[in-house]
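Below you'll find the structure, written out as structure tokens, and then a few comments.
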Amino acid sequence: MRLLTILTSAVAAAVLAAAPAAAQGDYPNQTVTLVVPFGAGGGTDNLARTFLPAFQEALGETVIIENRPGGGSTIGTEAVVRAEPDGYTVLLTDTAVMVNPALYDNLPYDTLNDLDAVSLLATGPVLLVAHPDAEADTLEDLIALAKERPGSLPFASGGHGASTHLALELMQMETDTEVVHVPYGGSGPATTDLVAGHVQYMFNGISASRPHLDAGALKAIAVTSQERHPAVPDVPTFAEAGFSAVNPMSIWGAWVPAGTPDEVVAKLSSAFHAAVNDPEVVATLSNLGYVTDGSSPEEYRARAEAEMKRWADVVEAAGIEVN
């Protein structure tokens, strides 16, 4: 009887030990959730919804998008950090994940230790846009107004640490101006308030701005790319006005909880790469101002580490504080 018990226990242990490997080999076999740590309608959300069909096809499983905005993307990011490291909860975020370690003294996670990089997805410049009734029509007009009325012009952003916030801080540093920062829980709700006239100016992604520009509900003042962007060829650059250092780019990528099996990360990375390089996806995203890309997990992690250092220096130099 004792021998039977020992054998039964040994078999059970072997089955349990083999279960994770079998599950990994079958990955994915249930719905995958893409957590977007911003509200609907912003640049990250637009990117995710555009490549979602191609990503699902490449991955071979249903994928849903879950918007979890707030805290400059930290709420959604923490949710992914706390999730099971099994590849079924994936973070899709922008530059904020690389800036927040410098902005927040008490982040509830350690970005590079608690998350594993999966793939770079896209990059894109940031537009300076305004409500049609805003006084400034050009960058020169805006700088003159900001100097004339320091600390009075309201600028919305997609939240602390987002590229839309960083562009604002760089503009103030480079032009020696001071405006009022009004952070939102994503560029979607910020754009809504800008169109409604509750704020007058905003740095915003091209994708979030495009429908409102086309409808005449917003006007574009300048773009942060070094050369004029093909998606908005009539919009001058900051570099043309002599402010080439105002050059932040949104960088979008995917992450999973640390400890996710390498083979699962590899499958996700391959599916993301296929999705953002699908010809129809590339054409659509290019028109919205994205430059699509795909990378290995190692390449994306290296890019993230470099960006973290860069923006830590900017945050310190600008004296940016999150209240």
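The set of residues from segment 196-212 being surrounded by 18 or more Cβ atoms within 10 Å (Cβ to Cβ) and not hydroxyl-bearing (Ser, Thr, Tyr) comprises Val199, Gln200, Met202, Phe203, Asn204, Gly205, Ile206, Ala208, Arg210, His212.
Considering every residue within segment 84-96, establish whether at least one is assigned to a helix (DSSP H, G or I) and at pLDDT below 95. So far as segment 84-96 goes, yes, one or more of its residues are assigned to a helix (DSSP H, G or I) and at pLDDT below 95.
The condition of being within 22 Å of Val179 (Cβ to Cβ) and open to solvent by less than 20 Å² (accessible area, probe 1.4 Å) does not hold for Val97. Listed by position, the helices (runs of 4 or more DSSP H) enclosed by segment 204-323 that each have at least 2 residues that are over 16 Å from the mean Cα position of the chain (by Cα) and polar (S, T, N, Q) are 262-276, 279-287. None of Asp114, Asp141 is modelled with pLDDT of 95 or more and under 25 Å from Leu47 (Cα atoms) except Asp114. Scan segment 44-58 and tell me whether some residue there is over 17 Å from Val276 (Cβ atoms), in contact with a helix residue (DSSP H, G or I) (Cβ under 7 Å, 6 or more places away or on another chain), outside any strand (DSSP E or B) and modelled with pLDDT of 90 or more. Within segment 44-58 (the criterion being over 17 Å from Val276 (Cβ atoms), in contact with a helix residue (DSSP H, G or I) (Cβ under 7 Å, 6 or more places away or on another chain), outside any strand (DSSP E or B) and modelled with pLDDT of 90 or more), the answer is no, since none of the residues qualifies. State all residues of segment 231-265 that are touching a residue at least 24 places away in the same chain (Cβ under 8 Å) and open to solvent by 50 Å² or more (accessible area, probe 1.4 Å); if no residue qualifies, say none. Within segment 231-265, Met249, Gly259, Glu263 qualify.
For every residue, the table says whether it meets (1) in a helix (DSSP H, G or I); (2) buried (at least 21 other Cβ atoms within 10 Å of the Cβ).
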{"site": "Ser119", "(1), (2)": "no, yes"}
{"site": "Val129", "(1), (2)": "no, yes"}
{"site": "Asp133", "(1), (2)": "no, no"}
{"site": "Phe155", "(1), (2)": "no, yes"}
{"site": "Leu166", "(1), (2)": "yes, yes"}
{"site": "Glu174", "(1), (2)": "yes, no"}
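The values are calculated or read from the model by the stated rules, or taken from the named source; none is laboratory data. All values reported here derive from a predicted model rather than from experimental measurement. Cβ coordinates were reconstructed from backbone atoms using ideal geometry, including for glycine residues, and neighbour counts include every protein chain displayed. Areas reflect the complete protein model, heavy atoms only, side chains present, ligands, DNA and RNA absent. Shrake-Rupley method; radii C 1.70, N 1.55, O 1.52, S 1.80 Å.
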